[in-house]
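Q: Here's a structure for you.
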Amino acid sequence: MNQKVLLIYSLLLFSLLATSLPFEVYAQSSSSSIEIKGTVVDENNLPLPGVSVHEVGTSRGTQTDLHGEFKLIASSNATLSFSMIGYSNKELAAGHKQPIQVILNSTAQNLKDIVVIGYGTQKRADVTGSISSIKGADIANTPVINVLDALASKVPGLNIADNSGRPGGDLHVSIRGINSINASNDPLYVIDGLVGGDIQMLNPSDIESVDVLKDASATAIYGSRASNGVIIVTTKHPKKGESVLTYDMNLSAGKLARETDMLDAKGYLEYEKRAWEYDPARGSFPTDQLYSYYPDLFNADGSPKYNTDWQKAATRTAFSDRHALSLTSATDKSRQGLYLGYQNEQGILLNTYDKKYSVRYTSEVTIKPWLTLGGSLTYNSTKKNQPDLYGIGSMNATRTLSGMIPILPVTYPNGTASTMEDFGFGFNADGSAYKSGIYTADNPVTLLNDVVYIQNAYQALSNLYATVKITKDLEFRTTFDSWINDTKDDIYVGKDILDIGAPTAGVASSDYNKNVYWQMESFLSYKKTIGEKHRINLVAGASWSDSETEGFSASSTGFSTDYYQYNNLGAGAVKGTPGSYYLDERLNSYYARANYAYDNKYLLTFTGRTDGSSKFGDANKFAFFPSGAIGWIVSRESFLKNSTVISNFKLRASYGITGNSGISPYSSLSTINNYSVYLNDNRYVGTAQGRVPNPDLKWEQTAQMDIGFDLGLFGNRINLIADYYNKKTTNLLLDNPLSIVSGYSSVSDNIGSVRNRGYEFALNGMVINGKDISWALGVNLSSNKNTILALGTNNADIFPGSQLPGGINYTILRKGGSVGDFFGYTRLGTWGTAEAAEAAKYGDKPGDIKRKDVNGDGQYTIADAGVLGNMFPKYTMGINTTAHYRNWDLSVDIQIVHGNDVINASAFELEDRQYYLNSYASLLKDAWTPQHQNTMVPAIRYITDNNASDYPSGYMDSHWLGDGSYIRGKNITLGYTLPGSVLSALSVSKIRIYANAQNFFLITKYRGYDPESSSVSGPFTQGTDYFGYPKARTYSIGLNVIF
């Protein structure tokens, strides 16, 4: 669909929304006013303090005191609304009987809770699939910037890894393991019905609920895009009878959570001395020449003038602020809501930031009793500066943050910035020294100040829907959604920044990407209760969607001035080769679901969806994805019905098939590539087939079985949910090798298979529920085991993902192994002086690294390498607790991850003694010496002394593998809600102030910045720490006001 059509739909939507204006806010009743008194209690007749009480349709409100009592001046015919987190809202006509008593029912473990499922909702008691739900109130109590951060540690089976401390950094999300190798492993996000929405652009304050669909019964309604699970987000909409103005504010300050202990200036000189004197032919280190060669850096006695802590110099206290304002109004026939958001997040590295603006307007109008029209308009924009992402010869800001040598200053007295060229010694054949720079690299402060890496993103979303009530039981709904997403990356590197070998004289580039997506859904839903024992719920519909993506890029170098930056690429003397692209993909779908309940005890669910995708070959464009589930509410049987202990016990089982279409739109087709050759100094360009087509390419399919139970004890005060699942993904898309005579190395084919098995537990309970105090505790635990079943015809090993410096592979896919396996040599230690002859067989000397020679052939080859560990945890656990004492509230979230390994690729360089980076402070005591030979760390020497020992032939070393297990304090929040007497005086319904700390403690054996960090996003690079952006420990204060 072209943009003109989208514009027409947007105008129609705007016209619809405009008809519902203006807001009906704070309408005052003309009736006489009276004082209304009353008490609010729970089901056990215990007083409830802190309940919000307000007169519907006005700004009048108050809050119950410590005894659950309230007083409110209101209209004589007022309708009062009572609300409190953890309890069902209630409306009540005040009348003239005084005082009134109101009973609120707890929703913490309420079986009547509504769960959002695909194309509808369902009572929690009727759910047969594996679904976890998080309420918006729980997200609001965790003042995070990214919605996904609030879900971490709260949902069993949902693995969220915060890979970077960079503002606006991406998170790695997976549900129940890794299902694919070449296709996407990301879950499907559905935001207010928009399939494939961007959850990271959402304002957390706008969230009403999040439902995580994990098994095939729950996800099959989304068919080909649901094999990795589904996360459904419902945003806030105005509630009937309410006119509310809400303001939320959060101010925070973050500091580097953990510093890496690096050599100081004195230690670095000792490190240099030992490296120099490793070779006796060089004699003693030329300490006496330091001042004569480098008077700007050393005193006359050879002591360093500077001792720079680069981690302190290049980081800062990062101040951030967030604001959210919402204005909502609702009557019997219309609902409107305006939601505004702003955040300015500073990064702890200098000049890094993420700024975000959001505007959302929603409206719904009941035109006739049988016709409802509604829609929404949303606009989001972000601006990020990420100078650390740009690597000059790979010597980017985060690499030099640890590696810059401490004897250099940030700037000299004349204002000139230091570089790695400012110090160093070379040595002649006779061992004499000469002045030589260590490396061509700038210091991290210069890089963060003089590199500009701006990413602007703009999103415009529109939604239009109509609901027609055909009969009492039959309803028709049609929706149209559109999404326009523009991103632009602009980079400029100052003309004086160094590159390998020479100044670049400025580098500028601009990359633009635009995606236009539209989706149309139409479905019928039928709900019917037949007699007293039969309930049916039927859904049937169709979906059509289209996504067009285009972009272009351009670059230039050689600028005479930094004035233009990326705003005038033509000002560069040397123009890069421009590029452009266009992609289009379409999906047509038809689906149905049937839910049946007999006697409120026996539950059946059947789901089917047929998807047709333009991505696959003509013979396989359509696929059918079925599922079925059964449930038995045992607690409603006569033998348990009157139990005083078991209040709910439900058994569940499901089986179904879902698909994965997360591949390039043209994977089944041949490609045409451009090629160029030079003949007689002339460039000639031609085209040729770049890839072998495969018209038989088809969907990856995941068959999943799930068995579980829900158990509620003592009036559902304690709840346990448990699941066991077994998933098998077949038809994995892999590169199948071809005969060399074909002229091509491989063709994309469906030849692989992988399995995930695991279990999940979620235990929640109201430990204390007294008059003035309450305490809720939740614990969840999950474990997943991944096994690769097949990798094509020959089951040949695959080395996926990126490589470490020096072209070193570190991950492997091998039949019988697991996705995420680390692969390499086993380090035994170092060669001792008594092993000189043995070491020589490998080209080594005493003090060099000693590795395991598995086959004993006297050389290190792939035959000596093996699986060393895995990047994914064996199990994860979350502990979440909330306590209330009178007007005070305290919530704590703790995350536990165990059994995962991390490649400390930074240590590979910070211990490799290659004479261009600083090193760990521990190096001086850990490194091999003739007096200290029982060590894993080789002797300190220059790279020229033994290159092969530092760079093993093609594979990593077990010494770089660290235990990535950790216990993290994710969030702790202490809040206080002002009492009703104060609120009445201020004419507001609620004021809550709070203090929060994020990442407030970390217990781990890992010696890098953070075991959760991963420098490159993707399923095969988790647990790869190569000078990533360090994480902050953040403290904040906040305010929530409801008028």
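Q: Please report, in debye to the nearest 20, how large the charge dipole of region 236-368 is about its Cα centre when each Lys and Arg carries +1 at its beta carbon and each Asp and Glu carries -1 there.
A: Approximately 1280 debye in magnitude.
Q: In Å, what Kirkwood hydrodynamic radius results for region 421-515 from the alpha-carbon pair distances?
A: 19.1
Q: Let me ask something else about it. Pull up the DSSP beta bridges for the chain and report the antiparallel fraction as a percent, rounded to 5.
A: 95
Q: Here's a follow-up. Quick one: 3J(HN,Hα) in Hz for region 767-782, Karplus 6.51/-1.76/1.60 with θ = phi - 60°, rounded, Gly and Pro as x.
A: 5, 10, 9, x, 5, 10, 9, 9, 8, 10, 10, x, 10, 10, 9, 8
Q: With charges only on Cβ, +1 for K and R and -1 for D and E, what is the dipole size of the chain about its Cα centre, in debye, rounded to 20?
A: 3640
Q: For the pair Y581 and R691, what calculated FRET efficiency results from E = 1/(1 + (r/R0)^6), where r is the Cβ-Cβ distance and R0 = 25 Å, to the nearest 0.05?
A: 0.95
Q: What Kirkwood Rh does region 657-780 have if only Cα atoms enter the pairwise 1/r average? Answer in Å.
A: 20.0
Q: Could you give the length gained by full extension between D562 and E270, i.e. 0.36 nm per residue of separation minus their alpha carbon distance, to one decimal place?
A: Contour length minus Cα-Cα distance gives 101.1 nm.
Q: Continuing with this model, one more query. What distance in nm separates the simple spin-label points at S553 and Y724, each placed 7 Å from Cα in the Cβ direction?
A: Computed distance between label sites S553 and Y724 equals 4.9 nm.
Q: Hey, another quick one. Take the alpha carbon gyration tensor of region 166-318, find the square roots of its eigenvalues, order them as a ≥ b ≥ c, and report rounded if a/c is under 1.5; if not, report prolate when a/b exceeds b/c, else oblate.
A: Taking the square roots of the gyration eigenvalues as a ≥ b ≥ c, region 166-318 is oblate.
Q: Same structure, new question: Hey, if you put +1 on the Cβ of every Lys and Arg and -1 on every Asp and Glu Cβ in the chain, which of Y955, T1034, G193 ends up farthest toward the positive end of that dipole?
A: G193
Q: Continuing with the same structure: Can you pick out the pairs among K154/K1005; K90/K123; K356/K495; K240/K990; K239/K650 whose Cα atoms lie more than 21 Å from each other?
A: K154/K1005; K356/K495; K239/K650
Q: Going by alpha carbons, how many degrees (0 to 90, nearest 10) lie between the helix axis of 265-276 and the longest principal axis of the chain?
A: Approximately 50 degrees, to the nearest ten.
Q: In addition: Kindly identify region 752-858 as rounded, prolate or oblate by the Cα gyration tensor criterion: order the square roots of the eigenvalues as a ≥ b ≥ c, call it rounded if a/c is under 1.5, otherwise compare a/b with b/c, prolate if a/b is larger, else oblate.
A: oblate
Q: Report the gain in length on full extension from K852 to N414: 0.36 nm times residue separation, minus Cα-Cα distance, nm rounded to one decimal.
A: Going from the current span to full extension adds 152.4 nm.
Q: With a ≥ b ≥ c the root eigenvalues of the C-alpha gyration tensor of region 571-666, is it rounded (a/c under 1.5), prolate (a/b larger than b/c) or oblate?
A: Since a/c reaches 1.5 and a/b is larger than b/c, the shape of region 571-666 is classed as prolate.
Q: Given the rule -39500 (n - 2.57) for each run of at least 4 DSSP H residues, summed and divided by the residues of the chain, what is its mean residue ellipticity at 222 nm, to the nearest 500 deg cm²/dmol?
A: -2000 deg cm²/dmol
Q: Going by alpha carbons, how many degrees (0 to 90, nearest 10) lie between the helix axis of 3-19 and the longest principal axis of the chain?
A: 40
Q: What nm distance separates the two modelled labels at D321 and M705, each placed 7 Å from Cα along Cα→Cβ?
A: Placing both labels 7 Å beyond Cα along the Cβ direction yields 5.8 nm.
Q: Based only on Cα atoms, what Rg/Rh ratio does the chain have, Rh being taken as Kirkwood's radius?
A: Computed over Cα atoms, the ratio is 1.00.
Q: Which value in nm describes the separation of the simple spin-label points at D332 and K488, placed 7 Å from the Cα toward the beta carbon?
A: 5.1
Q: Please report the orientation-averaged projected area of region 967-1015, defined via the convex hull of its C-alpha atoms, in nm².
A: Result: 5.2 nm².
Q: Looking only at Cα atoms, what is the convex hull volume of region 281-440 per residue, in Å³?
A: Once divided by residue count, the hull of region 281-440 is 154 Å³.
No lab work stands behind these numbers, since they all come straight from the coordinates. As the structure is a prediction and not an experimental result, all values here were calculated from the model. Neighbour counts are summed over all protein chains in view; Cβ atoms, including those assigned to glycine, are modelled from backbone coordinates with ideal geometry.
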